[in-house]
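Only one structure is covered here, and it is reproduced in the block below.
The values are calculated or read from the model by the stated rules, or taken from the named source; none is laboratory data. Not measured: the values here are computed from a predicted model. Counting neighbours? That spans all protein chains shown, and the Cβs are built from the backbone with ideal geometry, glycine included. Each accessible area value is taken on the protein alone, full model and side chains, heavy atoms only, with ligands, DNA and RNA left out. Shrake-Rupley method; radii C 1.70, N 1.55, O 1.52, S 1.80 Å.
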Amino acid sequence: MSTSERKLHLNAFIRGAGHHEAAWRHPDTHPELSLDIQHFIQLAQTAERGLLDSLFLADGYVGKTNKLEPFTFLSALAAVTRHIGLIATVNTTYNEPFHIARKFASLDHISHGRAGWNIVTGSGSAEANFGRDEHPEHSLRYETAEEFVEVTKQLWDSWEDDALVYDKQSGTQFAHGKVHEINFKGKYYSVKGPLNIPRPPQGYPVLVQAGSSESGKELAARTAEVIFTAQQTFADGKAFYTDVKSRLAKYGRTPEQLHILPGISPILADTEAEAREIERELDNLIDTTDAVKRLSSRFGVDLSEYPIDGPVPLHEAKELEEVNGNKSRHQLVIDLVRNENLTIRQLVQRLAGARGHLTFTGTPLQMADVMEHWFKNGAADGFNVMPQLYPSGLDVFVEQVIPELQNRGLFRTAYEGQTLRENLGLVRPANLHQIPNLAVQQI
């Protein structure tokens, strides 16, 4: 596709009252609706009205998250939307391939081909909730994830696309030899198969990856079709974009087969002054004591012992190799402090907006300028949009930013297809059993 034909791809990252950590305290939000499906139906329909590619729901297995389970949540949204993609975060460390293959196949059938899987290995230590002795080491989690994804793909392929015939006259439901055992035996998984539900409408749900560590970038280059990433500056975004795209060739892939969507978390208003006022309101609502505790856990040092308006003691912070959680986000925060010489209070405020993603405060026109610059100059294929306030932030984005992007020829004016793959311009993967000369075991 030529540069002039390229269009931005936009995902809305759904999160309760908004992505600012103090959003729930702002008078324009309704945190009591965080478990109310009607609230999220309205958000989903607003995003679909804006022709966004997809909705994305994060997930985790530890802590007090106050959020709905992704498959249940997105299945409910599938029934009240027609075009927008539905991306669920699912952890490979504390799940089994068969369960995940079955659930995603079900979501893809329910939504008529709009499911996506955000593949994560788990940055939070959830071992105590799953009868494990310890949280696996970072590189081991990624090695296991690669095998997990391969098993899941083979399970989706265990049904050929024409396996269901429903021939009432002959009494045949399933075509002979079209459903296969996979008999997978790897280092971590042994799975017989076949899956107990036909192949998803998209072949595979769209595969999304959110890690930006060295292991994460390599996994993305090998398997992902969309990357959600956090980059603080255009220079960092361009470097990440170039790095990951350059890794594709060794896996027989082209740059067009992987979309890189940095997170951008806006506060939007008719004037920049009004937007700055909203930003100040949110920052004044931050629970600084609680925020410093979280930072202390990240850094491995009690920051409450240091002056909050003094410098961040980087010399006390964990080294990257000591981190067994989100390595890329840890490095991003270290770089942010080092490059901007932030105080503890300033760092708290910077991270409050979107936990390390790019934040933006200004007008819709200014927002469109930033997005166009990143898109046209090799730093993004689109954005993971993370409004700091819901629902107002999404409303303004859809009503004012989207039309501006359309006027510039940067965004669609209608959905291109019926499935998430079609709208992202991604091909439907061929079934491995229908590739010539591939030996398979049939049942």
| task | For segment 119-165, give the magnitude of the charge dipole about the Cα centre (Cβ charges: +1 Lys/Arg, -1 Asp/Glu; no others), in debye to the nearest 20. | result | 260
| request: Leaving ligands, DNA and RNA out of it, work out the accessible area of Arg355 with a 1.4 Å probe and give it in Å² to the nearest 10. | output: 70
| Where in segment 362-443 are there trypsin sites (Lys or Arg not before Pro) that are in a DSSP coil and have at most 15 other Cβ atoms within 10 angstrom of their Cβ? | Arg408
| field | Sparse-neighbourhood loop sites, GluC sites (Glu not before Pro) in segment 394-439 - DSSP loop, at most 15 other Cβ within 10 angstrom | value | Glu416
| Spin-label pair Asn339/Asp28, simplified geometry with 7 Å Cα→Cβ offset, distance in nm | 2.8
| said: Using a Förster radius of 51 Å, what is the FRET efficiency between Thr233 and Asn196 based on their Cβ-Cβ separation? Nearest 0.05, please. | reply: 0.60
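If you count the DSSP beta bridges with both ends in the chain, what percent of them are antiparallel, to the nearest 5?
20
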| request: Whenever you get a sec, compute what percent of the accessible area on the chain sits on carbon and sulfur atoms (1.4 Å probe). | output: 50
| message | Only Cα pairs within less than 10 Å get springs; with that Gaussian network setup on the chain, which residue of Lys185, Lys168, Lys67 has the largest fluctuation? | response | Lys168
| query | Label Ser296 and Val370 with points 7 Å out from Cα along Cα→Cβ: what is the distance between them in nm? | reply | 3.2
| said: How much length would be gained if the chain were fully extended between Asp36 and Ala430, taking 0.36 nm per residue of separation minus their Cα-Cα distance, in nm to one decimal? | reply: 138.0 nm
| note | Averaged per residue, the 1.4 Å probe accessible area of the chain, protein heavy atoms only, in Å², is roughly 44
| remark: One finds, for Tyr415 and Thr242 with R0 = 35 angstrom and r their Cβ-Cβ distance, a FRET efficiency to the nearest 0.05 of 0.70
| Taking Cα pairs under 8 Å and at least six residues apart, what relative contact order does the chain come out at, in percent? | 24
| query | Going by accessible area, probe 1.4 Å, with all protein chains left in place, what is the ranking of Trp159, Trp24, largest first? | reply | Trp24, Trp159
| request: At 0.36 nm per residue, minus the direct Cα-Cα distance, what do Asn407 and Arg132 gain on full extension? Give it in nm, one decimal, please. | output: 93.6 nm
| Given 0.36 nm per residue, what is the gain on full extension from Thr172 to Tyr188 after removing their alpha carbon distance, in nm? | 2.1 nm
| Among the listed pairs Lys192/Lys217; Lys187/Lys245; Lys103/Lys192; Lys7/Lys67; Lys245/Lys376; Lys238/Lys293, those beyond 22 Å (Cα-Cα) | Lys192/Lys217; Lys187/Lys245; Lys7/Lys67; Lys238/Lys293
| query | So what J values fall out for segment 235-242 if you push phi through Karplus, 6.51 cos²θ - 1.76 cosθ + 1.60 with θ = phi - 60°, rounded to Hz, Gly and Pro as x? | reply | 4, 5, x, 5, 5, 5, 4, 5
| What's the FRET efficiency of Ala79 with His99 using the Cβ-Cβ distance as r and R₀ = 35 Å, to the nearest 0.05? | 0.95
| Pair Leu314, Val165: separation of 7 Å Cα→Cβ label points (nm) | 6.8
| field | Where Arg114, Arg102 fall by accessible area, highest first, once all protein chains stay in place (1.4 Å) | value | Arg102, Arg114
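Where the only charges are on Cβ atoms (+1 Lys, Arg; -1 Asp, Glu), what is the dipole of the chain about its Cα centre, to the nearest 20 debye?
Using only the charged Cβ atoms, the result is roughly 1100 debye.
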| task | May I ask you to derive the relative contact order of segment 369-443, considering only C-alpha pairs under 8 Å and at least 6 residues apart, and to give it as an integer percent? | result | 11
| remark: Given the candidates Leu33, Thr152, Val179, the one whose Cα lies deepest towards the positive end of the charge dipole of segment 28-184, counting +1 at each Lys or Arg C-beta and -1 at each Asp or Glu C-beta, is Leu33
